[in-house]
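Structure, as structure tokens:
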Amino acid sequence: MNPKSSPLLEEILQGKRRAIAKAITLLESSNPKSFDNGQELLESLLPHTGKAMRIGITGVPGVGKSTFIEAFGLFLIEQGHRVAVLAVDPSSPITGGSIMGDKTRMKELSQHPDAFIRPSPSSGVLGGVARKTRETMLICEAAGYDIIFVETVGVGQSETMVASMVDLFLLLMLPNAGDELQGIKKGVLELADLVVVNKSDGVQESQAVTTQSEFRKALQLLSSSKSSWSPQILLSSALEKRGMDQIWEAAIKFREALQNSGEWEQLRRSQSEKWMWTLVEDGLLTNFRNHPDIKNSIPELEQSVASGKTMPTTAARQLLDSWQSRKK
Ligand SMILES: Nc1nc2c(ncn2[C@@H]2O[C@H](COP(=O)(O)OP(=O)(O)OP(=O)(O)O)[C@@H](O)[C@H]2O)c(=O)[nH]1
Ligand SMILES: [Mg+2]
């Protein structure tokens, strides 16, 4: 490996923040040489990864994800854990996610020596953001963080991506969500291993309890994403820091159940495999789109398809044919 990255490797293994930040910068670099160094570093860190519990957190904007992570994170640190928080936020890739909001919502956690908070990578499409988040997760694991949170906004495609990189997927809900149960995306609910009705405090507490029982019924009708675990519905007040112990208890039971059945390892193996294919697909697509012939014909073809002059199938065939004939 590159001798230059060795001291960095050591420092990461010692958990030094500055080294972690430096490694992340390497991985996010668009400079090919830095990028290569980052990949080499990642490879040498790999044997030191995999021991953390990876928890995905999702829910609609304002449900309390950041407040919840602050409360749950501090609870876990009290139990002797070290916590890293990463974000996949496709809504604002340019500004780097909701870092300002999050740093204030997670004030105590962000200042804690046993926590590391990293906002959404600041570049590119969702696929790229997800890739960097995954790599950052591995660096954090090598640096000794044993609980990794990946936060994402509960809209669109990002949940599926986050679910494909975590062990446990936690969906936060609002106390009044029961009425809108029909409106909740079934797909997102099906990904959840734990559903937590947050803001179960004050005047909303009794409504939260009602929602909890409604969800219990709803989940029985859905297929569970894991064969050795049935999703559970719990209550929390992130604001008042209540419910954290039960949630952690459920998370531990979840891990035990999956580890005993072999599903834990199996899940991670299939995630790695899928990740490899995602990288291959991304790489191929980038090469394809950047090929001069393809690049030049795309605008016209797209227009022609949009206006109904050319069938999508015909246009696709045309692009693939010209790619194929280039290659030979
Ligand atoms: N009453 C009550 N309010 C809460 C609770 N958790 C969060 N809030 C409030 O809900 C608002 C939104 O909280 P956030 O933690 O920023 O929510 P979020 O899901 O991270 O929001 P986005 O990052 O915008 O998607 C804030 O005003 C919080 O103080 C809770 O358990 N009870
Ligand atoms: Mg937030």
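Which residue pairs have Cβ atoms under 6 Å apart, sit 6 or more places apart or on different chains, and have a first residue in region 11-38 that is within 17 Å of Thr49 (Cα to Cα) and a second that is outside any helix (DSSP H, G or I)?
These pairs meet every condition: Ile12/Ala143; Gly15/Ala143; Gly15/Gly144; Ile20/Ala143.
Six or more apart or on different chains, Cβ atoms under 6 Å: show the pairs whose first residue is in region 56-68 and in the same structural domain as Thr133 (by TED's automatic domain parsing) and whose second is part of a loop (DSSP other than H, G, I, E, B) and modelled with pLDDT under 90.
From residues that are in the same structural domain as Thr133 (by TED's automatic domain parsing), the pairs are Thr58/Gly154; Gly59/Gly154; Val60/Gly154; Ser66/Met106.
Scan region 226-260 for residues that are part of a helix (DSSP H, G or I), farther than 19 Å from Gly56 by Cβ and touching a residue at least 60 places away in the same chain (Cβ under 8 Å) and jot them down.
Asp245
Does region 187-230 hold any residues that are of a type outside the set (Asp, Glu), surrounded by 18 or more Cβ atoms within 10 Å (Cβ to Cβ) and touching a strand residue (DSSP E or B) at 6+ places or on another chain (Cβ under 6 Å), and which are they?
Hits for region 187-230 are Leu191, Ala192, Leu194, Val195, Val196, Val197, Asn198, Ser200, Ala208, Thr211, Gln212, Phe215.
Go through region 11-29 and count every residue that is under 21 Å from the mean Cα position of the chain (by Cα) and among the hydrophobic types (A, V, I, L, M, F, W, C).
6
Kindly provide the set of residues from region 295-318 that are in contact with a helix residue (DSSP H, G or I) (Cβ under 6 Å, 6 or more places away or on another chain) and either small (Gly, Ala, Ser) or part of a helix (DSSP H, G or I) (or both), ordered by number.
Correct list: Leu301, Val305, Pro312, Ala315.
Restrict the check to region 91-112 and report whether at least one residue is more than 16 Å from ligand 2 (Cβ to nearest atom) and modelled with pLDDT under 90.
Checked against the condition, which is being more than 16 Å from ligand 2 (Cβ to nearest atom) and modelled with pLDDT under 90, region 91-112 yields at least one hit.
Every residue in region 32-67 that is more than 16 Å from ligand 1 (Cβ to nearest atom) and within 22 Å of Gly243 (Cβ to Cβ), please.
Of everything in region 32-67, those that are more than 16 Å from ligand 1 (Cβ to nearest atom) and within 22 Å of Gly243 (Cβ to Cβ) turn out to be Met53, Arg54.
Can you tell which of Ala315, Ala306 is surrounded by 15 or more Cβ atoms within 10 Å (Cβ to Cβ), over 30 Å from Met165 (Cα atoms) and of a type in the set (Gly, Ala, Ser)?
Ala315
Would a scan of region 265-282 turn up a residue that is part of a helix (DSSP H, G or I) and more than 18 Å from Ser164 (Cβ to Cβ)?
No - not one qualifying residue is present in region 265-282.
For region 20-66, which positions are among the β-branched types (Val, Ile, Thr), within 16 Å of ligand 2 (Cβ to nearest atom) and surrounded by 22 or more Cβ atoms within 10 Å (Cβ to Cβ)?
Listed by number, the residues that qualify are Ile55, Ile57, Thr58, Val63.
Conditions: (1) surrounded by 14 or more Cβ atoms within 10 Å (Cβ to Cβ); (2) under 22 Å from Arg54 (Cβ atoms); (3) not hydroxyl-bearing (Ser, Thr, Tyr). Gly262 meets all but one. Number of the miss?
Going through the list (1) surrounded by 14 or more Cβ atoms within 10 Å (Cβ to Cβ); (2) under 22 Å from Arg54 (Cβ atoms); (3) not hydroxyl-bearing (Ser, Thr, Tyr), Gly262 breaks only (1).
Taking the residues in region 68-89 that are out of contact with any Pro (no Cβ under 6 Å at 6 or more places or on another chain) and over 17 Å from Asp245 (Cβ atoms) as candidates, determine which candidate is farthest from ligand 2 (Cβ to nearest atom).
Ranking the candidates gives Arg82 first.
The values are calculated or read from the model by the stated rules, or taken from the named source; none is laboratory data. Keep in mind the model is a prediction, meaning the values are calculated, not measured. Please note: Cβ atoms are built from the backbone with ideal geometry, for glycine as well, and neighbour counts cover all protein chains shown.
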